[in-house]
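Some notes on the structure that comes next.
Each reported figure results from applying straightforward, stated rules to the coordinates on display, with no laboratory input. The shown structure was predicted, so the numbers you read here are calculated from the model rather than taken from an experiment. Positions of Cβ are backbone-derived with ideal geometry, glycine not excepted, and every protein chain shown enters the neighbour counts.
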Amino acid sequence: VETASDGVSFVDADGIVVYCSDRIEKLYGYRKEEIIGKRVTDFLLPESVRTYKNIFLSGISDEGLSAQLLLRRKNGRPVNIQRMEYPIENTGLKLAYDKDIDEKLRHEELIQLQGVALQSLANSVVITNLRGDIVWVNSAFRELTGYEKEEILYKNISILKSGFHRKIFYKRMWQQILQGKVWKGELLNRRKDGTCYNEEQTITPVKGRDGLITNFIALKEDITARKQWEE
């Protein structure tokens, strides 16, 4: 119990703590003697008190129960936890695990915000895998190319080729980004309806935790009007 990565405690049928591990002390911010003998609900925010009572005190499951709760630490700081409780046969007690999921939730919120930001960009954005297969596009990309999301996903980015550029052009571009370098340049691509457009494109390699490239993000700006003005 003491070596578990999550906080571990034993509670009775009424949600009163009868034992807790050292990690519970760190997570709750209270000493063990301040936790043992108290109800779990004494350490939760009001909205989570209702959740705890509805899930853990009103039902019994042989496979255990789980819920996301908002814990109020001794210093007043709220912490999101994932709590699981399992009944211990013939004891009247339940084994409980509390996992701090604050960082996980912050990470998910950040990803969501980044997704909204990319979706709302005026310039088109496309994300591909290492083979150049499209895995994500924003609204501006669909407006620029005429392809709906369902038509373009998992198709190779070469579907946009106009035939204007020579093979050596694409070979050099791929050599550069596969080396982990950012590529910038102008392309003449073709829309779904067959018309061509000029775009200024920046392709950035995305690396995983192991340092290996996993994806490419291309930021594409339609410069057709600018090219016509220059001509």
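Would segment 1-76 count as rounded, prolate or oblate if I go by the C-alpha gyration tensor, calling it rounded below 1.5 in a/c and otherwise prolate when a/b exceeds b/c, oblate otherwise?
oblate
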Do any GluC sites (Glu not before Pro) in segment 162-222 lie in a loop, going by DSSP, with at most 12 other beta-carbon atoms within 10 Å of their beta carbon, and if so which? none
For TYR154 and VAL18, calculate 0.36 nm times their separation in residues minus their Cα-Cα distance, and state this gained length in nm to one decimal. 43.5 nm
Between 0 and 90 degrees, rounded to the nearest ten: what's the tilt of helix 167-178 against the longest Cα principal axis of the chain? 20
Give me the net charge of ILE223's neighbourhood, meaning all other residues with Cβ under 14 Å from the Cβ of ILE223; Lys, Arg count +1, Asp, Glu -1. -3
For GLU199, what is the net charge nearby, where nearby means another residue's Cβ is under 12 Å from its Cβ and Lys, Arg count +1, Asp, Glu -1? +2
Only four residue types carry charge here, +1 at the Cβ of Lys and Arg and -1 at the Cβ of Asp and Glu. Report the dipole size of the chain about the Cα centre in Debye, rounded to the nearest 20. 1040
Pick out, in residue order, every one of the trypsin sites (Lys or Arg not before Pro) in segment 91-180 that is DSSP loop and has at most 11 other C-beta atoms within 10 Å; say none if there are none. ARG131, ARG166
For the chain, what is the largest minus smallest coordinate of the Cα atoms on each principal axis, given in angstrom and ordered from greatest to least? 81, 35, 32
Place +1 on the Cβ of every Lys and Arg and -1 on the Cβ of every Asp and Glu in the chain, take the dipole about the Cα centre, and give the residue among VAL135, SER48, LEU65 whose Cα lies farthest towards its positive end. VAL135
Would you work out which of PHE164, LEU144, ILE111 lies farthest towards the positive end of the dipole of the chain, given +1 charges on the beta-carbon of Lys and Arg and -1 on that of Asp and Glu, about the Cα centre? PHE164
Residue-by-residue Karplus 3J(HN,Hα) for segment 130-139, coefficients 6.51, -1.76, 1.60, Hz, glycine and proline x: 5, 7, x, 7, 6, 10, 7, 9, 9, 4
